[in-house]
Amino acid sequence: MKRLNFRDSRVVFATNHGKAAAARSPFERVLNASVDEAVIDSDSLGTFSGEIARPGSMLDALRGKVMLARAITPERFVLVSEGSFGSAGGLGLLTQGIEMLLLHDSVSGAEVLEQHIARDTNFATAVLREHDDLPRFLSRIRFGSHALVLYPGGLPTVEHVHKGLVDAAQAKRAYEECKRLSPSQTVMAMSDMRAHVNPTRMKEIEACCELLAARLATLCPACGSGGFGLVATVPGLPCDVCGAPTQRARAEKHACVLCGKNVERPRADGRKAADPSECQWCNP
C-alpha cells in the first residue's frame, strides 16, 4: 500500500462562491501545495436562503459536491466545503457556525475531514414589519461589507427572493417590493451566508483550511500517510468531586485515513476532570 502524500500537490477547490482564496495561503505555507478553483453548481444541493432544501447531513452535502467536481475535473485531490449556522447551545442568544472541509483522493478513495466551530458570525434572521426594522437589522449583520437576503413573508422562499444586497438604496427598494407582495405585509430578512459576499465567513473557512493543512501534514505512525488526526472522542471524563465517569470526553481518538491505524490520546486542552454539574451522580 503506497502512502498518501499531500506535500507539493495540486488541489482543486470545487465551489460556486470563490472559496479557493481561503485555502491558498495555508496550503502553500504548510504543504507547498497549490490550490486552483473549479466552479460547480453547489446551489443544486441546497441553498442557505431556502429556495432549495438541503436534505441529509453536512457530510452528505460534501460528498455531493465531490461528485459534482468529479464530473468536471480529472485532478486527484478535490477539496469541498460546507457550512451550517444556528444558535449556540439551542438557546437562541448567541449564534455560531460549523465549517467543514472534505479533501477527496480519487486514487485511494480516502476522505480527509476537518471542521471548525465559527464563533465569529453575522448569521441572523428576522421578520421585518416596520420601516425602522430594516436599518436595525442591517446594523446587526455588518451590512455593506456583508450582504443581505430579503423575501416576502407568507410566500414560498423561491418566489421574489433578493440575494446579495449590499447597497442601502437597493435594500430599501427590495424591502418595499417584498412588503407589497407579502400577504402578511411582512418581510423576511437574513444575512447572506454565501462565502463570496460574507467576509466574516470567508475568514472562518480560512481558519478551517489552516486546521486541514496541518492535518494533511501530520503523518500516520504506522504507514506514513498524511491526514492522520482526530476522528472521535472517548467519553468518561471523571467528575471532579466523586470521580464517577461522565459523558464528557476523557480522551481523543486519532486515526489514519488510509491504513486505519488509530491511537488514543489525552484531550488536547489538558482537562482532567468534569464539573460536578455534568455528573449524573452529583447532579441527577
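Laboratory data are not the source of any read-out in this text; all were calculated from the coordinates shown. Given the structure is predicted, the values throughout are model-derived calculations rather than measurements. Using ideal geometry, Cβ is built from the backbone for each residue, glycine included, and neighbour counts are taken over all protein chains shown.
Observations on the structure shown:
- Distance from segment 144-202 to segment 228-250 (C-alpha centre basis), Å: 44
- Nonlocal amide H pairs with PHE13, under 5 Å, H built at 1.01 Å: ASP36, GLU37, ALA38, LEU79
- If you plug the beta carbon distance of ASN262 and GLU51 into 1/(1 + (r/R0)^6) with R0 = 35 Å, you get a FRET efficiency near 0.25.
- Trypsin sites (Lys or Arg not before Pro) restricted to segment 3-102 and DSSP loop, no more than 11 other C-beta within 10 Å: ARG7
- A simple charge model with +1 on the Cβ of Lys and Arg, -1 on the Cβ of Asp and Glu and nothing else charged puts the dipole of segment 49-172 at about 120 debye relative to its Cα centre.
- Set of segment 91-120 residues, backbone N closer than 13 Å to the point 7 Å along the Cα-Cβ line of ALA214: 115-117
- Per-residue ³J(HN,Hα) for segment 170-187, Karplus 6.51 cos²θ - 1.76 cosθ + 1.60, θ = phi - 60°, Hz, x for Gly and Pro: 5, 5, 5, 4, 5, 4, 5, 5, 5, 5, 5, 7, 6, x, 9, 6, 10, 10
- Magnitude of the charge dipole, the chain, Cβ model with Lys/Arg +1 and Asp/Glu -1, debye to 20: 540
- In the chain, helical runs assigned H by DSSP with n ≥ 4 each contribute -39500 (n - 2.57); averaged across all residues and rounded to the nearest 500, the mean residue ellipticity at 222 nm is -7500 deg cm²/dmol.
- For segment 64-72, 3J(HN,Hα) computed residue by residue from phi via the Karplus equation (6.51, -1.76, 1.60; θ = phi - 60°) reads x, 5, 4, 4, 4, 5, 5, 6, 10 Hz, glycine and proline entered as x.
- Considering only beta bridges that DSSP places wholly inside the chain, some 80 percent are antiparallel.
- Qualifying chymotrypsin sites (Phe, Trp or Tyr not before Pro) in segment 5-113, DSSP loop, other Cβ atoms within 10 Å at most 14: none
- Secondary structure note: in segment 71-186, about 95% of the DSSP beta bridges are antiparallel.
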